[in-house]
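In what follows, a single structure is set out as C-alpha cells and then discussed.
The values are calculated or read from the model by the stated rules, or taken from the named source; none is laboratory data. Being a predicted model, the structure only gives us computed values, none of them experimental. Note that we place each Cβ from the backbone using ideal geometry, even for glycine, and neighbour counts take in every protein chain shown.
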Amino acid sequence: MLCPIQEGGNAEVLLAYCARSLDPGALAVLERHIEVCPACRKFAGAQRLVWEALDAWKPGPVSDDFDDRLYARARQQETERWWRQLHQPRSWFSWRPALSMAAACITVFAVFLFRSPDASNVPAQGSRPETVDVEQVERTLEDMEMLRQFSLAPASLETREAKPL
Amino acid sequence: MSLVPPQPSGFVRVGTDMTAAMAIERDAELMLRVRDGDETSFALLLERHRGPVIHFLYRMVQNSAVAEELAQEVFLRVYRSRETYQPTAKFTTWLFRIATHLALNWIRDRKSERGQESLDREAADGGRLRQVPDRQFNVEQHLLREARLEEVRRAIATLPEKQRAAVLMHKYQEMEYSQIASVLSCSESAVKSLLFRAYETLRARLAHFV
C-alpha cells in the first residue's frame with residue numbers, strides 16, 4: 001500500500017480510519033501499513049485523540065417546552081400572515097395594471113378630443129374644395145337684375161294698352 | 001434526481017445504505033405530507049431532527065439559549081416553506097443548510113457586535129451550564145474533565161466558521177463529504193481541504209491531552 005501521507009492529498013483515508021468509517025477490507029490494509037509507517041502511526045494517534053476529545057463533548061438535554069414554543073410561534077406567524085394578507089390589498093390587488101389602464105384611457109380620450117373639431121372640417125370623400133369666384137357673383141347679380149327688369153316690363157305694357165287713345 | 005447519493009468506494013458509515021436510503025425517503029415523504037397540510041407529519045419530522053439540529057447549533061454557537069432560538073427559526077422556516085417544498089435534495093441537507101446559514105449569520109453578527117473575547121467568555125459560561133454532572137467522577141477528575149472539555153470547546157470555537165461547521169457535520173452528524181459540500185455550497189475537494197486544515201489545527205491544539 002502507498003503511504004497516505006507521502007502519497008499526498010490522501011489523508012482522508014486516515015481521517016476515515018479514525019472516524020471508523022473505513023470498510024473492513026480497506027481497514028485491514030491500512031492497519032498493516034500503520035504498523036510499519038511511523039508517520040501514519042503518529043498521524044492516526046493524534047487524530048484518534050482529537051476524535052475521543054470531541055466524543056467527550058456531549059450537549060445537554062433540549063428544553064421540555066421547545067415544541068410548545070415552536071408551535072406557538074408557528075401559530076402566531078400563521079395568524080399574522082393571514083391578517084397581513086387581509087389588510088394589505090397589494091397582496092392580491094396591484095396598482096400597476098390600473099395605472100396602465102388609466103394611462104391608456106387618457107391617451108385615447110386626448111386623441112379623440114383633439115381630433116374631433118378637425119373632423120367637421122375634413123371634407124367628405126369625393127367632394128371638391130369650394131372656391132368663391134367674384135366675377136361669377138357679379139354675373140349672377142347682373143342676371144338677377146335683368147330678370148327683375150323682365151318681370152316689371154309686362155306690367156307697364158298692360159297699363160299702356162288699357163289707356164284710351 | 002436521485003435522493004440517495006452513491007457511497008464513495010472504500011468507505012462505509014455505521015448505518016447501512018439501505019437504512020440511510022429509507023430514512024431519506026421517509027423524511028421526504030413526511031415533508032410532502034406536511035406540504036399537503038398534515039400537521040402530524042411535521043411533528044414526526046420535528047421529533048426525528050430536533051436533537052441533531054439543536055446539538056449542531058449548540059456546538060456552533062456554544063450557547064444553549066441561542067442554539068434553541070436558532071433551532072426554532074430553522075423549523076419555522078421549514079414549516080413556512082412547506083407549500084413550495086420539492087424533494088430535489090436530501091431533507092437533512094436542506095435542514096442543515098438552513099441551520100448552518102443561521103448559525104454563521106449569528107456568529108458574524110455577534111462578532112461585529114461584541115468581539116471575540118466576550119464571545120469566548122459567554123460560550124464558556126453557556127457551555128458549563130449545559131454539562132450534566134457525572135457522579136462517578138470525584139472532584140479532581142471532574143475538574144480535569146471540565147478543563148479538557150473547556151479546551152475542546154475553545155479549540156472548536158477558534159476554528160474559522162466554515163471549518164467549524166464542516167468538522168461538526170463530519171464528526172457528529174456523520175455526513176459524507178458530498179452532503180457537507182451541498183450544505184456549505186462548495187465542492188467536495190473544498191470540504192476535504194476544510195476538514196484537513198480543521199483537524200490539523202485541532203490535533204495541534206489538543207496534542208497535550210495524551
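Could you please let me know if B:ALA166 is out of contact with any strand residue (DSSP E or B) (no Cβ under 9 Å at 6 or more places or on another chain), under 16 Å from A:GLN47 (Cβ atoms), at the interface with chain A (Cβ under 8 Å from one of its Cβ atoms) and small (Gly, Ala, Ser)?
Working: out of contact with any strand residue (DSSP E or B) (no Cβ under 9 Å at 6 or more places or on another chain): yes; under 16 Å from A:GLN47 (Cβ atoms): yes; at the interface with chain A (Cβ under 8 Å from one of its Cβ atoms): no; small (Gly, Ala, Ser): yes.
Spelling it out, it is not the case that B:ALA166 is out of contact with any strand residue (DSSP E or B) (no Cβ under 9 Å at 6 or more places or on another chain), under 16 Å from A:GLN47 (Cβ atoms), at the interface with chain A (Cβ under 8 Å from one of its Cβ atoms) and small (Gly, Ala, Ser).
Looking for whichever is part of a helix (DSSP H, G or I), more than 8 Å from every other protein chain (Cβ to nearest Cβ) and within 21 Å of B:SER81 (Cβ to Cβ) here; the options are A:ARG69, A:ARG73, A:ARG81. Which one fits?
A:ARG81
Which one of A:VAL62, A:VAL50, A:VAL13 is on the phi < 0 side of the Ramachandran plot, at the interface with chain B (Cβ under 7 Å from one of its Cβ atoms) and either at pLDDT below 90 or outside any helix (DSSP H, G or I) (or both)?
Within the list A:VAL62, A:VAL50, A:VAL13, the selection yields A:VAL62.
Among residues belonging to the range A:32-47 that are surrounded by 12 or more Cβ atoms within 10 Å (Cβ to Cβ) and of a type in the set (Lys, Arg), point out the one that is farthest from the other protein chains (Cβ to nearest Cβ).
Out of the qualifying residues, it is A:ARG41.
To keep it simple, each residue is scored yes or no on (1) at the interface with chain A (Cβ under 8 Å from one of its Cβ atoms); (2) in a helix (DSSP H, G or I).
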| position | (1), (2) |
| --- | --- |
| B:VAL152 | yes, yes |
| B:LYS162 | no, yes |
| B:GLU174 | yes, no |
| B:SER178 | no, yes |
| B:CYS186 | no, no |
| B:PHE196 | yes, yes |
| B:GLU200 | no, yes |
| B:ALA204 | no, yes |
| B:HIS208 | no, yes |
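Which of the residues spanning the range A:75-118 are closer than 17 Å to B:ARG80 by Cα, out of contact with any helix residue (DSSP H, G or I) (no Cβ under 8 Å at 6 or more places or on another chain) and either at pLDDT 85 or above or not aromatic (Phe, Trp, Tyr) (or both)?
A:ARG75, A:GLN76, A:GLU78, A:THR79, A:GLU80, A:ARG81
Given (1) crowded, with 17+ Cβ neighbours inside 10 Å; (2) at pLDDT below 85; (3) not small (Gly, Ala, Ser), identify the lone condition not met by B:GLU122.
Of the numbered conditions (1) crowded, with 17+ Cβ neighbours inside 10 Å; (2) at pLDDT below 85; (3) not small (Gly, Ala, Ser), the odd one out for B:GLU122 is (1).
I'd like to check something: does the range B:105-112 contain any residue that is in a helix (DSSP H, G or I), touching a helix residue (DSSP H, G or I) at 6+ places or on another chain (Cβ under 6 Å), modelled with pLDDT under 95 and of a type in the set (A, V, I, L, M)?
The answer is yes; a qualifying residue exists.
Give the residues of the range B:47-77 that are without any contact (Cβ under 8 Å) to a residue 40 or more places away in the chain and not acidic (Asp, Glu), sorted by residue number.
Across the range B:47-77, the qualifying residues are B:ARG48, B:ARG50, B:GLY51, B:ILE54, B:ALA67, B:LEU70, B:ALA71, B:GLN72, B:VAL74, B:PHE75, B:LEU76, B:ARG77.
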